[in-house]
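I have placed the structure first, in the form of structure tokens, so that the comments after it can refer back to it.
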Amino acid sequence: MKPIVLSILAVCVAAAATAQAAAPATSPAAPPPSAAATSGIAIIDAQKLALESAPGKEAYNRLQKLSAQKKEELDKVEKEARDLVQKLSDQGSSMPADKLEALQKQADDKQKTWKRMQEDAQKDLQEAERKEMAALENRIGPIVKEYFKEKHYIVVLDSRAGIMYADDAVNVTDDVLKRINTTVALPQAKPETKAQSAPAQRPGGPGVKPTPAPKKPQ
């Protein structure tokens, strides 16, 4: 099975760049801008974001786990098919015709099952990859787009797009990667439970009868 390589955000990069082309170039007072911000052009490695960001690593690990599971299942059936073929080779000449025919059919069916499982596994992996990429883009895309908006970039290019030359100063991949990992790591606020929001009632409050004190022995 071919290794799975995630690549995302090309559409998001283009959308963000288009949006910024029409945006006013005003911003609040800030530290001196980077070379990328000054030129209005930035370079980004979308594949690096997919593979090295925290969400990207999570997605890749899930795909690797699924791939290993499929491989284990295929290896098991393949071994069973090989064992049947080997048995035919070793014992076929001495078997009665009916048993030989049955063994041949069993070996043939097992080989067909293995081939069918290969096709199904490939389809399952491709579908899982498609879903993971869509989920990853939905999770990372807004963060990347917001970063581009803040920096007021006019054009953002993918470093794999065949750029002949670009100064390292305009490559903002590491900054965006840091933004992604910082943002997705933020803990989400838990909704306040009813028990936490309700005021504590004192003993003897509404609906609660006070416990009578024990009587002293005479």
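The values are calculated or read from the model by the stated rules, or taken from the named source; none is laboratory data. Given the structure is predicted, the values throughout are model-derived calculations rather than measurements. Cβ atoms come from the backbone with ideal geometry, glycine included; neighbour counts cover every protein chain shown. For accessibility, only protein heavy atoms count, side chains too; no ligands or nucleic acids. Shrake-Rupley method; radii C 1.70, N 1.55, O 1.52, S 1.80 Å.
Computed values, structure above
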quantity: Candidate set: the stretch 46-65, residues that are in contact (Cβ under 8 Å) with a residue 40 or more places away in the chain and among the basic types (Lys, Arg); chosen: the one surrounded by the most Cβ atoms within 10 Å (Cβ to Cβ); calculated: Lys48
quantity: Pairs where the first residue, in the stretch 66-78, is in contact (Cβ under 8 Å) with a residue 40 or more places away in the chain and at negative phi and the second is surrounded by 12 or more Cβ atoms within 10 Å (Cβ to Cβ) and of a type in the set (Gly, Ala, Ser), C-beta under 9 Å, 6+ apart; calculated: Leu66/Ala128; Ser67/Ala121; Ser67/Ala128; Lys70/Ala121; Lys71/Ala121; Glu73/Ala121; Leu74/Ala121
quantity: Members of the stretch 158-167 that are out of contact with any helix residue (DSSP H, G or I) (no Cβ under 8 Å at 6 or more places or on another chain) and surrounded by 13 or more Cβ atoms within 10 Å (Cβ to Cβ); calculated: Ala166
quantity: Test: residue in the stretch 22-37 that is exposed (fewer than 14 other Cβ atoms within 10 Å of the Cβ) and either part of a helix (DSSP H, G or I) or modelled with pLDDT of 50 or more (or both); calculated: yes
quantity: Single match in Val170, Val184, Val155 (criterion: surrounded by fewer than 18 Cβ atoms within 10 Å (Cβ to Cβ), more than 14 Å from Leu49 (Cα to Cα) and touching a residue at least 12 places away in the same chain (Cβ under 8 Å)); calculated: Val155
quantity: Unique match (being touching a Ser or Thr at 6+ places or on another chain (Cβ under 7 Å), over 30 Å from Gly40 (Cα atoms) and surrounded by 12 or more Cβ atoms within 10 Å (Cβ to Cβ)) among Val85, Val77; calculated: Val77
quantity: Residue list for the stretch 112-163, filter: polar (S, T, N, Q) and closer than 16 Å to Leu66 by Cβ; calculated: Gln118, Gln122, Gln126
quantity: The one condition in (1) open to solvent by less than 60 Å² (accessible area, probe 1.4 Å); (2) under 30 Å from Asn181 (Cα atoms) that Lys110 fails to fulfil; calculated: (2)
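Quick grid of which residues meet (1) within 22 Å of Asn61 (Cα to Cα); (2) at pLDDT 90 or above:
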position: Arg130; (1), (2): yes, yes
position: Gly141; (1), (2): yes, yes
position: Lys151; (1), (2): no, yes
position: Val156; (1), (2): no, yes
position: Met164; (1), (2): no, no
position: Asp167; (1), (2): no, no
position: Val170; (1), (2): no, yes
position: Leu177; (1), (2): yes, yes
